[in-house]
Amino acid sequence: MRPMGTMPVKIDENSINIIRIILKNPRSAAQISEETGIPIAAVFRRIKLLRMIGLIHEEINVIDIKGRAVPLYICNPQSSMIFIGRERSRITLSLNEKVSNNHDLDKSI
């Protein structure tokens, strides 16, 4: 039984790695790509999806050496729980007040 006010979302291993990398520490898409080994195009696709469902947001923009604004992304949940089962893992994130829904993320192993 799912807690009231939650929304199940199926995501892949790359999305989980992105969330794990940016928990509490904002990073640019290029930094995420470098740290996870995920191609930059795939990182941008996952960022777009994760932003649409409210799991991550742009924290700040920094200026790079060429003078361009580069957004930093962060996932800053109020709380999180990880359930590891025999056939699949489940991550539950309770989001901050900026987002109205909680999300249960299911990842089959």
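The values are calculated or read from the model by the stated rules, or taken from the named source; none is laboratory data. Computed from a prediction, not measured in an experiment: that's the story for all the values here. No Cβ is skipped: glycine too gets one built from the backbone with ideal geometry, and neighbour counts run over all protein chains shown.
Of all residues in the range 21-52, which are part of a helix (DSSP H, G or I) and of a type in the set (Val, Ile, Thr)?
Within the range 21-52, Ile21, Ile22, Ile32, Thr36, Ile40, Val43, Ile47 qualify.
For the range 31-43, the set of residues classified as more than 11 Å from Tyr73 (Cβ to Cβ) and hydrophobic (A, V, I, L, M, F, W, C) consists of Ile38, Ile40, Ala41, Ala42, listed by residue number. Select from the range 56-74 the residues that are outside any strand (DSSP E or B) and out of contact with any Cys (no Cβ under 6 Å at 6 or more places or on another chain) and write down the one among them that is surrounded by the most Cβ atoms within 10 Å (Cβ to Cβ). Top of the filtered list is Asp64.
Within the set Lys48, Lys24, Lys10, the sole residue that is exposed (fewer than 13 other Cβ atoms within 10 Å of the Cβ), closer than 12 Å to Cys75 by Cβ and modelled with pLDDT under 95 turns out to be Lys24. From Arg27, Arg45, Arg68, which residue is free of Cβ contacts under 8 Å to residues at least 12 places away in the same chain and farther than 17 Å from Ile11 by Cα? Unique residue meeting the criteria: Arg68.
Among the residues of the range 30-39, which ones are within 21 Å of Lys10 (Cα to Cα) and surrounded by fewer than 16 Cβ atoms within 10 Å (Cβ to Cβ)? Listed by number, the list holds a single entry, Pro39. Check the range 74-87 and report whether any residue there is modelled with pLDDT of 85 or more and basic (Lys, Arg). There is no residue in the range 74-87 that is modelled with pLDDT of 85 or more and basic (Lys, Arg).
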